[in-house]
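Written below as structure tokens is the structure these notes are about.
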Amino acid sequence: MTGDIHERGRAAVTAAPGAQAALDYYLIKPAADADGAPAEAIVVEEFTLTDDFRTVGLDTAGWTAADGDWWSSAAFGRAMREDPGLRARVRAVSRPEAEAAHRGLGGGELPGETRLRALFRDHQPLPDSPPLRLTPPRVPDGFHDTRVYRVLFAGEPRLPLLADVVALAGEAGAPGTRVVGAGELRADPDVFTWEIRRIGPGVACCLDLTAHLGTASSQALGPLLRGLTTAMRHAGPVPVTVERFS
């Protein structure tokens, strides 16, 4: 049943390694409601991850159409997450969409990812700590390990864009609804469940993932976290950090 989705969600994500671009791409629009207008800038980001997928750093680089130059700025990466006005102008896109925007704005071919990483010159360290284990983890019978992760996002998702990732709660659109949807993936021998939660209406949200691992390998976990985070980014919110609770 590898890659099959259980009945609680029809997620367009899998636990299988894929050919996804490793970097995150965004367009910066001139105004929050300017979906049809040309972008002002292209932003490329990458989180630094530990072996167990916690975030410990962020690199941000961008290309501005007005001057045609690439730049690197940790301050801009922070502003994308802290400034609601700027965040409203941010649109997550795929690499092909970023390539098309770069050509359309007169920048020619978008550099490859190796070259883009060489542009990261202003690294932003992020707080990190090992998982806090107040009690021994509750590992269900038949599993080797259980891990709990939280992916924190700035902003709130556009719920209709999450229908392929979670089964939306009946009252998901109500600002007071905290858990807006849930999903589950069985990728033998592992089982993954997740929920999307509001953390203050319009301010922040998170994706809480519980991973029941059937073996000592966490090979399936990284691609799934990546896929879920990408789906959330394309629904609007900007990822801030990945924490591990157990």
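We did not get these values from a lab; they are worked out from the coordinates using the rules stated. Bear in mind the structure is a predicted one, so any value in this text is a computation, not a measurement. Note: ideal-geometry Cβ built from the backbone for every residue, glycine included; neighbour counts use all protein chains shown.
Overview of results
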item	result
About the Cα centre, charge dipole magnitude for the chain (Lys/Arg +1, Asp/Glu -1 at Cβ), debye	360 debye
Nearest-ten-degree value, helix 221-234 long axis tilted from longest Cα axis of the chain	50 degrees
For region 111-117, Karplus couplings with θ = phi - 60° (6.51, -1.76, 1.60), whole Hz, Gly/Pro x	x, x, 5, 4, 5, 5, 4
Rg/Rh for the chain, where both radii come from Cα atoms and Rh is the Kirkwood radius	0.97
Per residue, the convex hull volume that the Cα atoms of region 162-205 enclose (Å³)	67 Å³
0 to 90° range, to nearest 10: angle between helix 95-104 axis and the chain longest Cα axis	10 degrees
Loop GluC sites (Glu not before Pro), region 81-188, which have at most 14 other Cβ atoms in a 10 Å radius of their Cβ (DSSP)	Glu109, Glu171
For region 23-79 versus region 201-246, the gap between their alpha-carbon centres in whole angstrom	20 Å
At q = 0.10, 0.13, 0.21 Å⁻¹, base-10 log of I(q)/I(0) for region 123-246 (Debye sum, equal scatterers on each alpha carbon)	-0.32, -0.54, -1.24
